[in-house]
Amino acid sequence: MTAIVFYEKPGCIGNARQKQLLVGLGHRLEVRDLLRTAWDADDLASYFDGMRVRDWLNPSAPAVRDGEIDIDALDADAALALLLAQPLLIRRPLIDSPHGRCAGFVPGPVLAALGVPDAARELDTCARGTQTPQSGAQSCDARAAACRSDTGRRATDAPAPAHSGAGRSSIVQGSTGRSPGQDSRAAPAGSAGP
């Protein structure tokens, strides 16, 4: 069993399917909210190692899907600044494992080391599709954009420490399902972690 930190957008059906596959492979997941994490530029950039800059962005995010952002015109610094300002644009999931880090659920060395088959590539797309006149189905990103501010955080969310993963988390393991947990880095001073 491998312990994995899995950053998701809560409520994302695609992320739920990805977690189900990883748990089915015997991994233990610590699930964190990608949108409520206070990312530091270097930490976030470490998930994109070896990826084209355009692939750092979530293709289902409304601003990307609708062409409001020219992802081919972004250099690494501009893309990173955009992702830090608007976390909904971050390609997800972000996975931190003993085998390395990765963004998205596409075949690569990290997912291969975790035993994820190449056929799981289909799990990298938005399960709800995109909002189109034909389908009328709204992607989870379009719904989130309508409900959240431009920064992807609710106004009531307090800023977390600036370096990595401070946000709500839960543990997903085997067939036991989810158990609420708290990221020890987010615990108030003087309190015990999980």
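Per-structure values
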{"quantity": "Per DSSP, loop trypsin sites (Lys or Arg not before Pro) in region 8-94 with at most 13 further Cβ within 10 Å", "calculated": "Arg52"}
{"quantity": "Residue-count net charge about Leu74 - beta-carbon cut-off 12 Å; Lys, Arg +1, Asp, Glu -1", "calculated": "-3"}
{"quantity": "Qualifying GluC sites (Glu not before Pro) for region 3-78 [loop in DSSP, other Cβ within 10 Å: at most 13]", "calculated": "Glu68"}
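The numbers here are math on the coordinates, done by the rules we state, and not lab data. Everything quoted here is computed from the prediction, not taken from an experiment. Ideal geometry is used to build each Cβ from the backbone, glycine not excepted, and the neighbour counts take in all protein chains shown.
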